[in-house]
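Report on the following structure.
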Amino acid sequence: MSATTELSWQDWEDLPNGPQLLAEVDESLAPWWPRIFGYHLLKLGPMSLDLDLQQCKINHSFSLFPEQRADVIADFDALPLQSASIDAVVMPLLLEFEHDPYRILREVDRVLVSGGYLVICGINPFSSAYLGKLFPKSQSNWPWNGRFFMPARVLDWLGLLGYQLVHDERIGFHAFMPQWDYPQLCRQWQQKILPRTGALYVMVARKLDSPLTPLPQKKKKTVTGWQPAPSGGFSGRNLKDSEK
């Protein structure tokens, strides 16, 4: 198990309405996969195995996490990959269960090429998903035993790393609790009136590199010594001409 992983992972089926959430994640990302080009797609975490990538233009994709079923068994904070070698990274429900999520993002940033895409899916605490943390019986169960980060905080991390957000959506408008659910009418009302309260957030960000050293500003040349003042349109006359 990864040295940075605090909690074990589960599958989509272990989430309340998990198969429906997976379908909504695929629907949210469907318009973006045809826009992402390159050679290598990195899938971080076991929950990335079930994502629908049929429309993705990147032919080679592989999974990485510290379990036997992964294509590459490795820790997230020390990816065994060359810098600037990956064109896109997808990481669903991963940051919530890592000791140092920002360190994971920095490592992902290292392996991403300039202009590469980062796809993040996480649990939105400003939603019904937080209800499980209020009940002692649920606090020790997955996924409520993880840390739920506000989407704004994830955006701050991406901003520090120099990423441009191109897609931000909330999905999963239901109770997010076992054996609880909203009527379909309540779901539609919540999605229409409170669109930022979905149980999951889906973000697509693009890496934008800036020069390491800022370009110096051009300074006007100053000439030392006495300079004639501007005449304000008076060009002057020859003294001899004025005497004639």
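The values are calculated or read from the model by the stated rules, or taken from the named source; none is laboratory data. Given the structure is predicted, the values throughout are model-derived calculations rather than measurements. Note: ideal-geometry Cβ built from the backbone for every residue, glycine included; neighbour counts use all protein chains shown. Side chains are part of the model used for accessible areas, which takes the heavy atoms of the whole protein and leaves out ligands, DNA and RNA. Shrake-Rupley method; radii C 1.70, N 1.55, O 1.52, S 1.80 Å.
Details
- For segment 13-87, convex hull of alpha carbons as volume per residue, Å³: 103
- Ordered from highest to lowest accessible area with the whole protein assembly present and a 1.4 Å probe, Tyr130, Tyr117 read as Tyr130, Tyr117.
- Distances between placed amide hydrogens fall under 5 Å for Phe173 paired with Ala199, all partners being 5 or more residues away or on another chain.
- Area of Ser114 that stays accessible when all protein chains are in place (1.4 Å probe, Å², to 10): 80
- Here each label is just a point 7 Å from Cα along the line to Cβ, and for His99 and Asn145 those points are 1.7 nm apart.
- Separation in nanometres of the label points that stand 7 Å from Cα toward Cβ, at Phe135 and Thr197: 1.9
- Note on Arg153 and Glu27: the model spin-label points, each 7 Å out from Cα along the C-beta direction, lie 2.9 nm apart.
- Overall, the anisotropy analysis places segment 101-155 in the prolate class: the square-rooted eigenvalues a ≥ b ≥ c of its C-alpha gyration tensor yield a/c not less than 1.5, with a/b exceeding b/c.
- Whole-percent pair-distance distribution, where bins are 5 Å wide, for the alpha carbons of segment 16-143: 2, 10, 19, 22, 20, 15, 8, 4, 1, 0
- Arg196 accessible area, 1.4 Å probe, all protein chains in place, Å² to nearest 10: 110
- Beta bridges per DSSP, both residues in segment 1-154: antiparallel share near 5 percent.
- Amide H within-cut-off set for Gln10, under 5 Å, with H built and near neighbours excluded: none
- Measuring with a 1.4 angstrom probe and ignoring ligands and nucleic acids, Asp52 comes out at about 70 Å² accessible.
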